[in-house]
Amino acid sequence: MPAACDSVLEDIEDIVSAEDLKPHDRQFIRKNVFPKVRKRNSQKNIQADDDPPSDSIIPGAQKIWIRTWGCSHNNSDGEYMAGQLAAYGYKITDNSAEADLWLLNSCTVKNPAEDHFRNSIKKAQEGKKKVVLAGCVPQAQPRQDYLKGLSIIGVQQIDRVVEVVEETIKGHSVRLLGQKKDNGKRLGGARLDLPKIRKNPLIEIISINTGCLNACTYCKTKHARGDLASYPIEELVDRAKQSFQEGVCEIWLTSEDTGAYGRDIGTDLPTLLWKLVAAIPEGAMLRLGMTNPPYILEHLEEMAKILNHPRVYAFLHIPVQSASDSVLMDMKREYCVADFKQVVDFLKEKVPGITIATDIICGFPGETDEDFQETMKLVEQYKFPSLFINQFYPRPGTPAAKMHQVPAAVKKQRTKDLSQLFHSYNPYDHKVGERQRVLVTEESFDSNYYVAHNPFYEQVLVPKDPLLMGKMVEVNIYEAGKHFMKGKPVSDARVYTASITRPLAKGEVSGLTEEFRHAPQSGTNWKAQPSAEIPVNTPLSSWMALQLPWQQEGGGLKILSVSLALLAVLVMFYYGGMKTEL
């Protein structure tokens, strides 16, 4: 008997079959649904109660490969998704070929990043891999043709990744793109105490807010992350404390604009930073993320005091984008070049040696040769040690994409000219011979050195001695390059262990409760709610009120109860029809 139904969904954009019926404003449509009845008298369908059907798929046994593009905020999201999947029982692998499912966490800032993302989707499909998409690209434009039929998890729904992966492995296409809200107010996103797997066990990335207050004409990220939504101070401090208890010795604060933190919840960035500084153990360090000039201007005095603190890197990333006020106006950046210079000059005076990193876009629509020369003069004046040079790419759906474009050859030449200027000076030559205190946290890309940072977050390469990893040491600088210095540990200096406890092993899941940590990861029971015990590998289709331990109350798939009720009605109609025929 044919049947059709419409059900309004609160936070699921679409759940579709392989044919990918197009959704209509968050509605779920499935036509001509017939229940499949197994004949009980068939010997081939008789199975032991404990054995799953021969055609079933048991989630939690598969291998998952995760690829992340973009900013540290995106990397933090990737770490959280990996942690939840590993805690549930999936194996996170570094080998894409052996993976059953690829989780691709995208960046929408520039065209090349999206091109890599699109090519990875194609490669996964060619390799017959299951695919789940995450990050800013599908969040901003989920209707793009190349995303058709694929599962998507939104940037504010990363605490639901297990559900999406489970359904995708079973052959379904699931899309969760809703916003986290509390009494109608938008939240910063998923909870901060979710399980995660840190890419580097010594470094914790904490997103302090999502979204921003600006409306830059070239920015696609705004379409994905939305308006400013900050996490409460107490939650951020608790996350930092938990990280230190797991052996972390360096914290990165990240967001689309750290300087705007708290404006939506009645607080501000300096208030948060002083609370965090009080929680940082001796030897550990805090690195601030990117801040736009308008939101740091009113806090300059306090920010200078914080950046002078011995447990805070004297480093700040302040994008200028252009040194032309007319270009900044077309970008809707909400500041002028004089504002940027005021911030930089003040901090350089009050925080001696501070590292100022900045970004510049070459060839923004309407940029004249005179505009570009102003930008060249700014770089020549400040000789930024860290400069991110970006050739302008028009992003679909942004106002800048509709503006009169600078010819491609001109954009390319301006990018080349600015790059040559940047490489014409060496910011660290004068530091050769200095004795510096550095924190060792990483391995170099060529695997020949360990990477450390001095108090100004300048990169110092040190010998690859395992005893140095995670340690605060003193080194003599004996060589300098464009982007780094090389240091030799001082023989008579004290080596200080920055972590207050043994760091987690690489790949180990952070943030698990003791109950979860000591339980097998599959084939056992855990308490989803105080009154119920449910097996880890219980299929999503039978969860009903089930939630993973880290999920907020009320976060289950609300479509399930509707779907099951509809299925029951259909079965009644079906059997009613059979009885009538008999």
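Before moving on, here are some points about what is shown:
- Of all residues in segment 417-459, those satisfying the criterion of being open to solvent by less than 20 Å² (accessible area, probe 1.4 Å), assigned to a strand (DSSP E or B) and of a type in the set (S, T, N, Q) are GLN436, THR441.
- Filter result for ALA215 (out of contact with any Gly (no Cβ under 8 Å at 6 or more places or on another chain) and under 24 Å from ASP257 (Cβ atoms)): yes
- Only one of the numbered conditions (1) charged (D, E, K, R); (2) closer than 19 Å to ASN390 by Cβ; (3) not in a loop (DSSP other than H, G, I, E, B) is violated by GLU302, and that is (2).
- The condition (being in contact (Cβ under 8 Å) with a residue 40 or more places away in the chain, assigned to a loop (DSSP other than H, G, I, E, B), touching a Phe, Trp or Tyr at 6+ places or on another chain (Cβ under 8 Å) and open to solvent by less than 20 Å² (accessible area, probe 1.4 Å)) is satisfied by just one residue among ARG395, ARG414: ARG395.
- Residues that are in a helix (DSSP H, G or I), crowded, with 17+ Cβ neighbours inside 10 Å, among the small types (Gly, Ala, Ser) and not assigned by the TED database to the domain that holds MET81 are absent from segment 190-208.
- When the residues of segment 263-319 are filtered to those that are among the hydroxyl-bearing types (Ser, Thr, Tyr) and at pLDDT 95 or above, the one that is nearest to LEU228 (Cα to Cα) is THR267.
- Looking across SER499, SER491, one residue alone is at pLDDT below 95, of a type in the set (S, T, N, Q), touching a Leu at 6+ places or on another chain (Cβ under 8 Å) and part of a loop (DSSP other than H, G, I, E, B). It is SER499.
- Segment 209-232: number of residues that are open to solvent by 30 Å² or more (accessible area, probe 1.4 Å), outside any loop (DSSP other than H, G, I, E, B) and within 22 Å of HIS317 (Cα to Cα): 2
- Residue identified as among the small types (Gly, Ala, Ser), touching a residue at least 60 places away in the same chain (Cβ under 8 Å) and in contact with a Cys (Cβ under 8 Å, 6 or more places away or on another chain) among ALA260, ALA190, ALA224: ALA224
- Breaking point among (1) of a type outside the set (Asp, Glu); (2) over 17 Å from the mean Cα position of the chain (by Cα); (3) within 22 Å of LEU512 (Cβ to Cβ), for ALA190: (2)
- Note on segment 127-177: among residues that are of a type in the set (Asp, Glu) and open to solvent by less than 10 Å² (accessible area, probe 1.4 Å), the one that is farthest from the chain's Cα centre (by Cα) is GLU166.
- With respect to being part of a helix (DSSP H, G or I), of a type in the set (Val, Ile, Thr) and either within 17 Å of GLY470 (Cα to Cα) or open to solvent by 10 Å² or more (accessible area, probe 1.4 Å) (or both), THR267 falls outside the description.
The values are calculated or read from the model by the stated rules, or taken from the named source; none is laboratory data. It should be emphasised that the depicted structure is a prediction, and the values quoted were computed from it without experimental measurement. Counting neighbours? That spans all protein chains shown, and the Cβs are built from the backbone with ideal geometry, glycine included. Calculation scope for accessible area: heavy atoms of the full protein, side chains included, ligands and nucleic acids excluded. Shrake-Rupley method; radii C 1.70, N 1.55, O 1.52, S 1.80 Å.
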